[in-house]
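K.L.:
Mind looking over this structure? Questions follow.
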Amino acid sequence: MTKLEKVRDLDIVANSSFRSSHLSAASGLVCLDAALYVIADDELHLGVFPVRGSGPGHLIRLFDGELPQTKSDRKKRKPDLEALTFIPSCTAFSFGALLAIGSGSRPTRKRGVLLRLDAQGAVVAPSKSVDLSFILDPLAKEFGELNIEGAAIVGQELRLLQRGNKRPHDNAIVSYPLSAVLDALENNRGDPLAPSAVDRFDLGAIGGTPFGFTDAASLPSGEMIFSAVAENTENAYLDGPCLGAGIGIIGERGELLAFDHLEYPHKIEGIHARQEGDVVKLLLVTDADNPDIPAGLFSGHVVR
């Protein structure tokens, strides 16, 4: 079993316009030299945290407006940003960019955000809100319930992770040509873009509750490392208790190479990986499913 160690809570600088002094529902993570970037699925902001030390983070607003305070109303209105990935330097983005992606589980959850970066990896304002219907709508025919929970850039592909649950067991990795996605986003093209591949995975179950993807990160070898949890819920909308969690590796050819359960079932929803020899060092963030409990940053490692 894989053991994780707590690094810190995701506390933020006190802000009168924000409901809390922390992020609670962390759902995606990118670690760069400039900062740790974290999205939360029930907020309109990006969290920015120091790479070293335990000082509080700060917020970057992604969408205008305010969300209701009550959990049920907030769930109905939130953009449900579930995936955050780093786009390497390319023609459109000289120093790379961050792409945040909504789950697509409701019509209001098909938005995303592009954040341009400078040479140090810091976000350059303003961010750009983007409509992701052109890649998410075609998936409605593919899955019983769409629920995109993770994303990674592998080579020249954007790969989205579809998460299954107790009713529809559709765990899958959906691939798109990165150049086509970036062209559509930069030029506001809305023509539907079909995936180049859809690969389904069975990650097993605990007590009848299947494991579902929650995030992924690419490795230099072309492999992917992913996180998954067994959340006892019947659909893509409702939360449920986390019965188990694990870390796995998918090979260059799309085969499942390993899947190891965590010693404690932290509800991991964001993962960052850095390979050093045969050791892959991990940073991971959690979703507390409770606005009063801070999301946590954890560290761990796996040996290849």
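What follows draws every value from the coordinates through simple rules; no lab data is involved. Worth saying up front: this structure is predicted, and the values here are computed from it rather than measured. Quick reminder, even Gly has a Cβ in these numbers, built from the backbone with ideal geometry, and neighbours come from all protein chains shown.
K.L.:
For segment 114-170, state which GluC sites (Glu not before Pro) are in a DSSP loop and have at most 15 other beta carbons lying within 10 Å of their beta carbon. Kindly include the intermediate steps, with their values, before the conclusion.
P.N.:
On the way: sites: Glu142, Glu145, Glu149, Glu157; in loops: Glu142, Glu145.
When the GluC sites (Glu not before Pro) of segment 114-170 are filtered for loop state and at most 15 Cβ neighbours within 10 Å, Glu142 remain.
K.L.:
Then there is this: If all Cα-Cα distances of segment 203-261 are sorted into 5 Å bins from 0 onward, what percent lands in each bin, rounded to whole numbers?
P.N.:
P(r) for segment 203-261, in whole percents per bin: 4, 20, 27, 20, 14, 10, 5, 0.
K.L.:
If you build the Cα gyration tensor of segment 162-221 and take the root of 5 times each eigenvalue, what three semi-axes come out, in whole angstrom, biggest first?
P.N.:
29, 14, 9
K.L.:
Additional query: Considering only Ser21, Ser103, Ser196, give the residue with the highest GNM mean-square fluctuation for the chain, with springs between Cα atoms whenever their separation is below 10 Å.
P.N.:
Its mean-square fluctuation being the largest, the pick is Ser196.
K.L.:
Got a sec to turn the phi values of segment 87-94 into Karplus ³J(HN,Hα) couplings, 6.51 cos²θ - 1.76 cosθ + 1.60 with θ = phi - 60°, whole Hz, x for Gly and Pro?
P.N.:
3J(HN,Hα) across segment 87-94, in whole Hz: 9, x, 3, 8, 4, 6, 9, 4.
K.L.:
In Å, what Kirkwood hydrodynamic radius results for segment 65-207 from the alpha-carbon pair distances? Spell out each step's value before the answer.
P.N.:
On the way: mean 1/r = 0.0624 Å⁻¹.
Roughly 16.0 Å, rounded to one decimal.
K.L.:
Let me ask another. Which of these, Gly222, Gly244, Gly47, has the largest mean-square fluctuation under a Gaussian network model of the chain (Cα springs below 10 Å)?
P.N.:
Gly222
K.L.:
At most 16 other Cβ atoms within 10 Å and a DSSP loop assignment: could you name the GluC sites (Glu not before Pro) in segment 1-95 that fit? All intermediate terms of the calculation are to be shown ahead of the outcome.
P.N.:
Values: sites: Glu5, Glu43, Glu66, Glu82; in loops: Glu43, Glu66.
Qualifying residues, ordered by number: Glu66.
K.L.:
On to the next question. Stretch Val303-Arg77 to full length: gain in nm at 0.36 nm per residue minus the Cα-Cα span?
P.N.:
Extra length available between Val303 and Arg77 comes to 77.2 nm.
K.L.:
Provide the FRET efficiency to the nearest 0.05 for the Ala119-Ser21 pair, computing r from the beta carbons and using R0 = 30 Å.
P.N.:
0.40
K.L.:
I would also like to ask the following. Can you give me the three principal axis dimensions of segment 24-145 from its C-alpha atoms, in Å, biggest first?
P.N.:
Result, largest extent first: 40, 36, 23 Å.
K.L.:
Same structure again: Could you pull the Rg and Dmax for segment 186-304, using just the Cα atoms, both in Å?
P.N.:
Over segment 186-304's Cα set, Rg and Dmax evaluate to 15.8, 47 Å.
K.L.:
Also, I was wondering about something else. Give the separation of the Cα centroids, segment 152-217 to segment 260-274, in Å.
P.N.:
With segment 152-217 and segment 260-274 each reduced to a Cα centre, they are spaced 19 Å.
K.L.:
In whole Hz, what ³J(HN,Hα) sequence does segment 142-147 give by Karplus (6.51, -1.76, 1.60; θ = phi - 60°), x for Gly and Pro?
P.N.:
Here the 3J(HN,Hα) series is 8, 10, x, 9, 6, 7 Hz.
K.L.:
Using the Kirkwood radius over Cα pairs, work out the Stokes-Einstein diffusion coefficient for segment 76-122 at 4 °C and 1.567 mPa s, in µm²/s as a whole number.
P.N.:
113
K.L.:
Fully extended, how many nm does the chain gain between Ala194 and His58 (0.36 nm per residue separation, minus their Cα-Cα distance)?
P.N.:
Gain on stretching Ala194 to His58: 45.3 nm.
K.L.:
Any lysines with Cα under 16 Å of the Lys3 Cα? List them, leaving off those in the same chain fewer than 8 positions away.
P.N.:
Lys267, Lys281
K.L.:
Say we join alpha carbon atoms closer than 10 Å with springs in a Gaussian network model of the chain; which of Leu257, Leu185, Leu219 then has the biggest fluctuation?
P.N.:
Per the Cα network of the chain with a 10 Å cutoff, Leu257 tops the list.
K.L.:
Which ³J(HN,Hα) values in Hz, rounded to whole numbers, follow from the phi angles of segment 270-284 under the Karplus curve 6.51 cos²θ - 1.76 cosθ + 1.60, where θ = phi - 60° and Gly and Pro get x?
P.N.:
x, 9, 10, 10, 9, 8, 10, x, 9, 10, 9, 8, 10, 10, 9
K.L.:
In terms of modelled amide H atoms, which long-range or inter-chain residues lie less than 5 Å from the amide H of Leu132?
P.N.:
For Leu132, the qualifying residues are Arg111, Gly112.
K.L.:
If only Cα atoms are counted, what is the Rg of segment 1-54, and what is its Dmax, in Å?
P.N.:
12.1, 42
K.L.:
Starting from the Kirkwood Rh over alpha-carbon pairs, what translational D in µm² s⁻¹ does the chain have by Stokes-Einstein at 10 °C and 1.306 mPa s? Before the final figure, lay out the partial values.
P.N.:
Details: Rh = 19.0 Å.
Estimated diffusion coefficient is 84 µm²/s.
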